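Have a look at the structure below before the remarks.
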Amino acid sequence: MVSYRIQVLLTVALAVGEAVAAGAPKTPGAGGADLLILNGRVFTADETGSTAEAVAVRGNTIMRVGPSAELSALRGPGTRVIDARGGAVLPGFNDAHVHFVSGGFALADVDLAGLTTLREVQAAISRFAAERPGDGWLRGRGWLYQPFPGGSPTREQLDAVVRDRPTVMECYDGHSLWVNSLALARAGITKDTPDPPHGEIVRDPKTGEPTGHLKESAVALIEKLMPEPSAADQRAALKTAVRHANRLGITSIQNAGTSLEEMAMYEAAKRDGDLTVRAYLAFSASPATTAAEVDRMMETWKRFGDDPILRTGIVKMFADGVIESRTAAMLAPYERDSSAGVPYFSVEELNRVVGLLDARGLQVQIHAIGDRAVRMSLDALELAARVNPAPVRGRRHRLEHIEAIAEADIVRFGKLGIIASQQPMHVSLADMNQAAPAGPWPDNIGPERWSRAWAWQRIRASGGRLAFGSDWPVATLEAGQGIWLASTRLTLPEGSAQAMSVADAIRAYTSWPAYASFDEQRKGTLAAGMLADIVVLTSDVFAQAPQRPADVVVAATVFDGRVVYER
Ligand SMILES: [Zn+2]
């Protein structure tokens, strides 16, 4: 990949030099720029913090970054010009952790994200049902615990707005469902239905009747009734997701867990020109993953090759659950509880699967939220590096989320070269759940462990690399909101201690995720020879740091040299 970039740099330098020297007509195809972005506050996102005013693009590649006056000379009759009017010009955003097709589907469901009162929640559902009449399943997601007394929603609260259609609303954390009476009846769930293993049908303490709140594996009792989306539905959801991403300035996504069928769908979308985001797709592994399955991953990886739009070579697995439902694996018990959560892998299983993947040169990404899951994962990655020979492209393994961490493990990210892939908007979700005295997240682990919640600045200060994302549809896909939150960190008790500069917050959504997908030689920074993925904002976020989530607004998005969104 290094030689690829040098080659492009040489070609561009020659092309520009020739055109200027020979006084050739400055039209596209004759040495001029196809696209010029002028009068911006260009932040290249490199590590030195270099800035400029303008970017010139030819084909799908950045020709030059420099002063507006100089780059204007590359303007020809066919050159498209974007006047940034002083707004920030950045590399296209790269979301390091999404569930992209689910996000596309979620856009067509009731959106309860951020609603903090029962009245708002009920109104949103009732409005949605009225807009889409029918008798099929009504779906939605994103509810917080805060609107519900005791943090547990009831079927009566849902029956009050939808009685005649089976209705199912997923919690923002993805670990429980809130359903109405008709949905319970369709699933045949009564007071006599036993709790499934690792799941709970929440019951009225007096009558034993199901309340309409289903936790963990109990969600499968409902989900198995949902009509499977057709291939065409899935393809449409992907298209919706791509459009949504471009509108938000996102030009790259990293999908945390992708089936082989889904991968084939992305290939088809790319063939048809629908894929205007670069997609880095992770396979999925579990404690049962075999060497034969890894062989099949290797085949797909080889077939995709080093394509700059569609790549794989990374494998996602879950070491534990989430803190909200006390399924994250902790080193010490939860508050007021004897349980500390159970990891989804035994140490032996995790070491075996990580070792298997690492030996083949695959990148490993492990969902690790509790401090015990984080430690187990670091141990497994450290062991693999010790016993396996170094892979050709080096190791860039990553942990996802890292919401809780033991003091001793903070320095290990830097020491072991493991990337911390975190989601700033999850901090605000934990905060939005804070009904007095505290919401389930801080309440479940207590103040001592809460003080090390989402410790991204401390991981970075001790030499660790970061990559930020949304976990969409768990949180909003808006990178701008993540930048606001990472640079203010308004919502944690230690306040600004974990806040980072706006420049670093932007790097965490651009150049650092490019490193996390082995792509930093061709994208993630604005420089001659890099792929032309660019976002233009309506304002200069360096002069006026974002004070509110809505302060980062996208004016235009350029993907692969083409303007794919304009406000
Ligand atoms: Zn996720």
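Which of the residues spanning the stretch 136-156 are of a type outside the set (A, V, I, L, M, F, W, C) and either more than 30 Å from the chain's Cα centre (by Cα) or open to solvent by 50 Å² or more (accessible area, probe 1.4 Å) (or both)?
Gly136, Arg139, Gln146, Pro149, Gly150, Thr154, Arg155, Glu156, listed by residue number.
Residues in the stretch 298-341 that are of a type in the set (Lys, Arg) and assigned to a loop (DSSP other than H, G, I, E, B): 2 in all. The residues of the stretch 46-68 that are within 14 Å of Leu531 (Cα to Cα) and not in a strand (DSSP E or B), listed by number, are Gly59, Asn60. In the condition set (1) modelled with pLDDT of 95 or more; (2) in contact with a strand residue (DSSP E or B) (Cβ under 9 Å, 6 or more places away or on another chain), Trp456 is compliant with all but (1).
Selection over the stretch 396-413 of residues that are within 13 Å of the ligand (Cβ to nearest atom) and outside any loop (DSSP other than H, G, I, E, B) gives a count of 4.
So that you can scan it fast, the table gives a plain yes or no per residue for (1) without any contact (Cβ under 8 Å) to a residue 24 or more places away in the chain; (2) aromatic (Phe, Trp, Tyr); (3) surrounded by fewer than 23 Cβ atoms within 10 Å (Cβ to Cβ):
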residue: Ala84; (1), (2), (3): no, no, no
residue: Pro91; (1), (2), (3): no, no, no
residue: Asp95; (1), (2), (3): no, no, no
residue: His99; (1), (2), (3): no, no, yes
residue: Phe105; (1), (2), (3): no, yes, yes
residue: Leu118; (1), (2), (3): no, no, yes
residue: Ser126; (1), (2), (3): no, no, yes
residue: Gly134; (1), (2), (3): no, no, yes
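For the stretch 61-111, a tally of residues being away from the ligand (no atom under 16 Å from the Cβ), touching a Leu at 6+ places or on another chain (Cβ under 8 Å) and hydrophobic (A, V, I, L, M, F, W, C) returns 13.
Residues checked against (1) within 16 Å of the ligand (Cβ to nearest atom); (2) among the hydroxyl-bearing types (Ser, Thr, Tyr); (3) surrounded by 22 or more Cβ atoms within 10 Å (Cβ to Cβ):
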{"position": "Ile445", "(1), (2), (3)": "no, no, yes"}
{"position": "Arg449", "(1), (2), (3)": "no, no, yes"}
{"position": "Thr488", "(1), (2), (3)": "no, yes, no"}
{"position": "Ala514", "(1), (2), (3)": "no, no, yes"}
{"position": "Glu520", "(1), (2), (3)": "no, no, no"}
{"position": "Gly529", "(1), (2), (3)": "no, no, no"}
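All of Val541, Val536 fail the test of being outside any loop (DSSP other than H, G, I, E, B) and at negative phi, apart from Val536. Here Ala373 clears all of (1) within 16 Å of the ligand (Cβ to nearest atom); (2) touching a residue at least 60 places away in the same chain (Cβ under 8 Å) except the condition numbered (2). May I ask you to verify whether Ala373 is at pLDDT 95 or above and open to solvent by 10 Å² or more (accessible area, probe 1.4 Å)? Spelling it out, it is not the case that Ala373 is at pLDDT 95 or above and open to solvent by 10 Å² or more (accessible area, probe 1.4 Å). I'm trying to understand the selection: among the residues of the stretch 451-478, which are outside any strand (DSSP E or B), within 16 Å of the ligand (Cβ to nearest atom), within 18 Å of Ala516 (Cβ to Cβ) and among the aliphatic types (A, V, I, L, M)? Within the stretch 451-478, Leu477 is the sole residue that qualifies.
This table checks each residue for (1) closer than 22 Å to Ala508 by Cα; (2) crowded, with 18+ Cβ neighbours inside 10 Å; (3) within 16 Å of the ligand (Cβ to nearest atom).
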{"residue": "Ser325", "(1), (2), (3)": "no, yes, yes"}
{"residue": "Pro333", "(1), (2), (3)": "no, no, no"}
{"residue": "Tyr344", "(1), (2), (3)": "no, yes, yes"}
{"residue": "Val353", "(1), (2), (3)": "no, yes, no"}
{"residue": "Ala384", "(1), (2), (3)": "no, yes, no"}
{"residue": "Val392", "(1), (2), (3)": "no, no, no"}
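None of Val552, Val474, Val558 is surrounded by 20 or more Cβ atoms within 10 Å (Cβ to Cβ), over 19 Å from the mean Cα position of the chain (by Cα) and β-branched (Val, Ile, Thr) except Val558.
Only one entry of Ser539, Ser501 meets the criterion of being open to solvent by 20 Å² or more (accessible area, probe 1.4 Å) and closer than 30 Å to Trp450 by Cβ, and that entry is Ser501. Considered as a group, the residues in the stretch 161-170 that are more than 14 Å from the ligand (Cβ to nearest atom) and not in a loop (DSSP other than H, G, I, E, B) include one that is farthest from Val202 (Cα to Cα), and that residue is Thr167.
The values are calculated or read from the model by the stated rules, or taken from the named source; none is laboratory data. Source: prediction; values computed, not measured. Heads up, the Cβs are rebuilt from the backbone with ideal geometry, glycines too, and the neighbour counts pull from every protein chain shown. The protein model used for the area step is the full one, side chains on, heavy atoms only, and it has no ligands, DNA or RNA in it. Shrake-Rupley method; radii C 1.70, N 1.55, O 1.52, S 1.80 Å.
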